[in-house]
Amino acid sequence: MIIRTGTEPDPEPMVDINTTPLVDVLLVLIVMLIITIPIQLHAVALEMPGRNAPVPASPPVIVQLEVDAAGRFLWNGELLAGREALESKLREAAQQPDQPEVHVRAHPRAKYAPVAAALTSAQRLGLARIGLVGSEQFAQ
């Protein structure tokens with residue numbers, strides 16, 4: 001603490017801004033922003049079978065659903081007109097008493113949107129056996 005006696009001239013005014021309170025307030029605001037932002041999950045909820053799944057009595061009918069690089073759908077090698085045709089085929093498969101397995105294979109250059117559309121349509125229409133083919137390299 002400096003005590004002036006009154007004979008010294010007035011000190012020069014401080015020209016620098018004290019940025020410590022500013023930085024403290026900004027850090028608090030950043031932490032509050034990070035805490036309050038909701039976590040966005042863009043995922044499709046699928047029930048995946050465990051490693052000890054029971055073996056079926058008869059071999060299931062397998063439907064190959066492919067998504068090519070252009071985002072078109074192929075049902076057992078047959079090119080479909082669009083998503084409406086895909087949903088029609090999926091609806092027919094879901095109404096069968098013994099539902100077929102739908103194996104979805106996406107081309108490596110296919111966009112995510114048509115693959116996600118095929119998976120969500122299959123789940124929404126009631127298909128219970130959906131498999132992703134070609135993802136074996138990511139299994140742990």
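Each value in this text was obtained by applying a stated rule to the coordinates, not by laboratory testing. What you see is a predicted model; the values in this text were computed from it and never measured.
Expressed per residue, the C-alpha convex hull volume of region 65-113 stands at 74 Å³.
Using 0.36 nm per residue and subtracting the Cα-Cα separation, the extra length available between Q96 and I37 on full extension is 16.8 nm. Can you give me the angle between helix 20-36 and the longest principal axis of the chain, using Cα atoms only, in degrees from 0 to 90, rounded to the nearest 10? Result, in degrees: 20. Close amide-amide hydrogen proximity is noted between R105 and L65, E66, V67, V133, each under 5 Å apart and 5 or more residues distant or on a separate chain (H modeled in the peptide plane; Pro and chain starts excluded).
Look at (1) 13, 46, 36, 5, 0; (2) 10, 38, 34, 15, 2, 0; (3) 9, 27, 19, 9, 8, 7, 5, 6, 6, 3, 0: the one that is P(r) over Cα pairs in 10 Å bins from 0, in percent derived from this structure is (3).
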